[in-house]
Amino acid sequence: MIDFNEIPYTNDTWELFGRDFLRERGFFIESPPDRGPDGGKDLLVTERLRGNLNRYNFRWLVSCKHFAKSANSVSEKDEPNILERVSSFKADGFIGFYSTLSSSGLNTRLRELRNNKNIKDYSIFDHKAIENLLVMAGYSHLLMRYFPNSYKATKPLHLIFEEYEPLFCRACGKDILMALFESAGHSANIVSAYKWDQEKNIYSIHDVYCCCKKCNSSLESSYRT
C-alpha cells in the first residue's frame with residue numbers, strides 16, 4: 001500500500017521521518033537526528049510511563065534502518081553491540097525503526113537481552129506496523145509529507161478524536177472503515193430513513209445509519225414492514 005522507496009536513501013530523511021512518527025506516537029524527542037558520528041543511535045526518545053503510585057521516564061535508543069530498496073531484513077550484523085549502545089546512552093530499551101523487517105536472529109538477540117534483564121524492553125516498528133499506523137491511526141499528514149504518491153493512491157483516515165473510533169455496519173456489525181482498507185471492492189452507505197408525519201404533513205427523519213452496501217437491502221425492507 002505504501003511505497004517506502006519514496007523516501008531517498010542518500011540523506012537523513014528516514015531518520016527525520018522516524019522522529020516525526022515517534023513524536024506523533026507520544027514520545028518526547030530527547031536527541032534528534034544529526035550529522036556526523038552518532039555513537040550507534042539515530043534518536044533518543046523518552047516515554048512517560050505511569051504506575052499505580054508513581055510516574056517515571058523510560059528512555060529508548062532508536063536505530064533507523066532504511067533497506068526498502070534491497071528489501072533485506074535488518075540482521076544482527078546491521079545492529080552490532082546493542083547492549084553497549086543502550087548502556088552508553090543510559091537508555092532503558094531499544095527501538096528498531098525499519099522500512100523492512102527484523103531478522104529472526106536479531107529478534108532472538110533482543111529477546112535474550114530482555115530476558116536476561118540487560119535491557120528493560122525492546123520494540124520493532126517494521127514496514128507493516130508503520131504502514132498500518134500511517135493509514136489507520138490518523139497520521140495522514142505524515143503520509144502526505146513523506147509519501148505523497150502513496151497518499152494519492154490510498155484512502156487514509158483523518159483523525160478527528162484522540163483515538164480511533166470504529167464505524168460499525170448496522171446489519172452485520174463489521175467495522176466499515178477497516179473493511180474499506182482490507183478490500184478494494186468494499187463499499188458502504190450512509191442512509192437516512194424518513195417517516196410521514198401526518199400532523200405536520202411532511203416527511204421527517206426517522207433514523208440515520210451506516211451499513212455495508214450489500215446489507216442495505218435487508219435494512220430497507222425492515223423499515224417497509
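The values are calculated or read from the model by the stated rules, or taken from the named source; none is laboratory data. All of these numbers come straight from a predicted model, not from anything done at the bench. Neighbour counts run over all protein chains shown; Cβ positions are idealised from the backbone, glycine included.
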Exercise. Is at least one residue of the range 6-18 aromatic (Phe, Trp, Tyr), touching a strand residue (DSSP E or B) at 6+ places or on another chain (Cβ under 9 Å) and either free of Cβ contacts under 8 Å to residues at least 24 places away in the same chain or not in a strand (DSSP E or B) (or both)?
Worked result: yes
For this session: Can you confirm whether the range 96-106 contains a residue that is farther than 14 Å from LYS120 by Cβ, touching a residue at least 12 places away in the same chain (Cβ under 8 Å) and more than 23 Å from the chain's Cα centre (by Cα)?
Result: yes
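Can you pull out every residue in the range 124-144 that is in contact with a strand residue (DSSP E or B) (Cβ under 6 Å, 6 or more places away or on another chain) and among the acidic types (Asp, Glu)?
ASP126
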Problem set entry | Unmet requirement for LEU133, which otherwise passes all of (1) aliphatic (A, V, I, L, M); (2) within 30 Å of LEU177 (Cα to Cα); (3) assigned to a loop (DSSP other than H, G, I, E, B) | (3)
Exercise. Does SER123 satisfy the condition of being assigned by TED's automatic domain parsing to the domain that holds SER63 and without any contact (Cβ under 8 Å) to a residue 12 or more places away in the chain?
Worked result: no
For this session: For ASN149, indicate whether it is exposed (fewer than 15 other Cβ atoms within 10 Å of the Cβ), closer than 13 Å to MET1 by Cβ and modelled with pLDDT of 85 or more.
Result: yes
For this session: Would you check if there is a residue in the range 74-82 being under 24 Å from MET136 (Cβ atoms) and acidic (Asp, Glu)?
Result: no
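Results for (1) surrounded by 15 or more Cβ atoms within 10 Å (Cβ to Cβ); (2) assigned to a strand (DSSP E or B); (3) at pLDDT 90 or above; (4) within 13 Å of the chain's Cα centre (by Cα), shown as yes or no for each residue.
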position: HIS158; (1), (2), (3), (4): no, no, no, yes
position: GLY185; (1), (2), (3), (4): no, no, no, no
position: VAL191; (1), (2), (3), (4): yes, yes, no, no
position: LYS200; (1), (2), (3), (4): no, no, no, no
Exercise. Counting just the residues of the range 25-72 that are of a type in the set (Gly, Ala, Ser) and assigned to a loop (DSSP other than H, G, I, E, B), which one comes out nearest to PHE94 (Cα to Cα)?
Worked result: GLY40
For this session: Hey, could you check the range 130-146 for residues that are of a type outside the set (A, V, I, L, M, F, W, C) and surrounded by 15 or more Cβ atoms within 10 Å (Cβ to Cβ) and say which is modelled with the lowest pLDDT?
Result: GLY138
Exercise. Listed residues ARG59, ARG85, ARG19, ARG55; which is assigned by TED's automatic domain parsing to the domain that holds MET136 and touching a Ser or Thr at 6+ places or on another chain (Cβ under 6 Å)?
Worked result: ARG59
Exercise. If you go through the range 73-129, how many residues are part of a helix (DSSP H, G or I), surrounded by fewer than 16 Cβ atoms within 10 Å (Cβ to Cβ) and of a type outside the set (A, V, I, L, M)?
Worked result: 11
Seminar exercise, completed: Across the range 207-221, the tally of residues that are under 26 Å from ASP197 (Cβ atoms) and in a strand (DSSP E or B) stands at 5
Exercise. Which numbered condition trips up LEU53, out of (1) surrounded by fewer than 17 Cβ atoms within 10 Å (Cβ to Cβ); (2) among the aliphatic types (A, V, I, L, M); (3) within 19 Å of LEU133 (Cβ to Cβ); (4) without any contact (Cβ under 8 Å) to a residue 40 or more places away in the chain?
Worked result: (3)
